[in-house]
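First the structure, in the form of structure tokens, and then the observations on it.
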Amino acid sequence: MDPLEVVLRGTAMYWFLFAMFRFVLRRDVGAVGIADVLLLVIVADAAQNGMSGDYKTVPEGMLLVGTLIGWNVLLDWASFRFTWIRRLAEPPPLLLLRNGRFHRRNMRRELITTEELMAALRQHGVKEPSEVSEAYMEGDGSFSVLTKDKQSAGGGHKGPPGA
């Protein structure tokens, strides 16, 4: 393949993907779910084929990427609109700690060690499990911690308490 063609294909796919992710798939970083990760992997493969010439034309690669993103947007919309689809698409929060006691079965199910959970608690300003009313692993993999003194730290909080 001619080097200029490689540059042109790469440029076309880059700006197409940039526009799609910037204007169509606007999302907070903490809200990335399994469907989004799957989409990124599939889009990467489709874009690679569009850039390398495995498709006969660049628009074929763009059409495939656009189709994949369209399905992702449709699933997000349907999850927002219909509770039963949201239950299928998004896992519910998983209780890991209640009243200072670890729920080992749930921790085992998600392969979360005590050390990992303690690290998550420290990120939320908690020193001892006894300070915790409830701690959950949210559907996006973040941790939510509710302390016994009724202060809560949300799943995305990374700074010191109160920050």
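Amide H to amide H distances under 5 Å link His103 with Leu97, Arg98, where only residues 5 or more positions off or on other chains count and H is placed in the peptide plane. For a Förster distance of 30 Å, can you work out the FRET efficiency between the beta-carbons of Val73 and Ser130, rounded to the nearest 0.05? That gives a FRET efficiency of 0.10. Placing pseudo-labels 7 Å out from each Cα toward the beta carbon at Lys148 and Arg109 gives an inter-label distance of 2.6 nm. Charges were assigned to the Cβ only: +1 to each Lys and Arg, -1 to each Asp and Glu. The resulting dipole of the range 96-144 about its Cα centre is roughly 280 debye. Ligands, DNA and RNA excluded, the heavy atoms of Glu5 present near 70 Å² of accessible surface to a 1.4 Å solvent probe.
Give me the percent of accessible area attributable to carbon and sulfur for the range 57-96, probe 1.4 angstrom. Could you put the intermediate results ahead of the total?
Details: 1970 of 2690 Å².
Roughly 73 percent of what the probe reaches on the range 57-96 is carbon or sulfur.
Note on Asp45: accessible area approximately 90 square angstrom, rounded to 10, probe 1.4 Å, nucleic acids and ligands left out.
The values are calculated or read from the model by the stated rules, or taken from the named source; none is laboratory data. Nothing here was measured: the structure is a model prediction, and the numbers come from that model. Every residue, glycine among them, receives a Cβ derived from its backbone with ideal geometry; neighbour counts consider all protein chains shown. We work out accessible area using only protein heavy atoms, side chains counted, and drop any ligands, DNA or RNA first. Shrake-Rupley method; radii C 1.70, N 1.55, O 1.52, S 1.80 Å.
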